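Shown next, in structure tokens, is the structure this report addresses.
Please treat every number below as a calculation from the coordinates, not as lab data. Note that the coordinates shown come from a computational prediction; the quantities given were computed from them, not determined experimentally. Reconstructed Cβ throughout: ideal geometry from the backbone, glycine too, with neighbour counts over all protein chains shown.
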Amino acid sequence: MTPEEIKRIISVVASCGIGKVKLTGGEPLIRSDILEIVKRISSIQGVSEVSMTTNGTFLNDLAKPLKEAGLARVNISLDALNPKIYEMITGVDAFEKVISGIKRAVEANLNPVKVNTVLLKGINDNEVWNIVDFAKRNSVIFQLIELESAREDKLYRKYHSDMTNIENELKKKAERVTVRSMHHRRKYFLRSKVEVEIVRPMHNTEFCRYCNRMRITSDGKFKPCLFRFDNLVDFLGPMRNGASTEDLRKLFLEAVKRRKPYFT
């Protein structure tokens, strides 16, 4: 989609009461027009926040311009603090770029800056407390994510790590625990002044019950559920064929009607 098309469809959903927009991917920062996209979205009436999830490799140069364009905050993937493990997981030798990008994001006041770690059994499950320490030193929030899959396939069975023991340790170290409305995610505020958020979607009925997100795919479809691919609603085709704003609103509402819990 072009920046103009992105602005138009976000204007439509904003008119339906959607106030927060997150740019994700893939990797949103590979788009050469990402600053224009952020600027256009942040100018839409009704949009209260524009945020982003990124691998962080381009943030060293783009953190400040993104803030100036209207980006409010950022989530950055950091699956290991061991550079070799990081490269094994991601397939790229970009660890130092990411660490630098995290620091630039904090300096640019893209707060709260969150670092996202997907827990992988036998690979980075021994890095959790090192990343907690990293979060403390760099004034970021640590978001620990359970490996997710639409089905229990070979990859899931091999690398999925149960997070119960880690959560029990977090409870012991926490001075307080809160629960976010989004997915009923638990947040642990540790006595060491680190904030750790847990994302556990697999077979978690609360994850679905309290989900209020609608996704938009890069090829112009509304995607009501992260795990489903059979209930998408195309809007880009109709938009390019002259659909009115009211037509696009109806397509959005149709996508909303197709929402249903994946895990029940």
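When each of the peptides 33-39, 211-217 is scored by the mean number of other C-beta atoms lying within 10 Å of its residues, the order from highest to lowest reads 33-39, 211-217. For the range 48-92, list residues with backbone N below 12 Å from a point placed 7 Å from the Cα of Lys121 toward its Cβ? Counting only backbone N, you get no residues.
As a rough guide to protection, the peptides 178-190, 74-86 ranked by mean Cβ packing within 10 Å, highest first, stand as 74-86, 178-190. Take every Cα pair under 8 Å whose residues are at least 6 apart in sequence, average their separation, divide by the length of the range 112-209, and the relative contact order is 28 percent.
Taking other C-beta atoms within 10 angstrom as a stand-in for reagent exposure, Glu96, Glu27, Glu195 fall in the order Glu96, Glu27, Glu195, fewest first.
Pairs with C-alpha atoms separated by more than 25 Å, drawn from the list Lys136/Lys187; Lys39/Lys64; Lys20/Lys97, are Lys20/Lys97. Set the Förster radius R0 to 22 Å, insert the Cβ-Cβ distance between Val177 and Trp129 as r into 1/(1 + (r/R0)^6), and round the FRET efficiency to 0.05. Efficiency computed from Cβ-Cβ geometry: 0.80.
Short-range pairs are left out: with C-alpha atoms under 8 Å and at least six residues apart, the relative contact order of the range 56-130 is 46 percent.
What's the angle, to the nearest 10 degrees (0 to 90), between helix 245-257's Cα axis and the longest principal axis of the chain? Helix 245-257 sits roughly 40 degrees off the main axis of the chain. Ranked by the mean number of other Cβ atoms within 10 Å of their residues, highest first, the peptides 236-245, 109-118 fall in the order 109-118, 236-245. What whole-number distance in Å separates the alpha-carbon centres of the range 58-84 and the range 18-35? Each part reduced to its Cα centre gives a spacing of 12 Å.
Under a 5 Å amide H cut-off, with hydrogens placed 1.01 Å from N, Ile141 pairs with Val113, Lys114, Val115 among residues at least 5 apart or on other chains. Positive contributions from Lys and Arg (+1) and negative ones from Asp and Glu (-1), summed over other residues with Cβ under 13 Å from the Cβ of Asn168, come out at +1. Seen against the Cα atoms of the chain and their longest principal axis, helix 164-173 is set at about 70 degrees.
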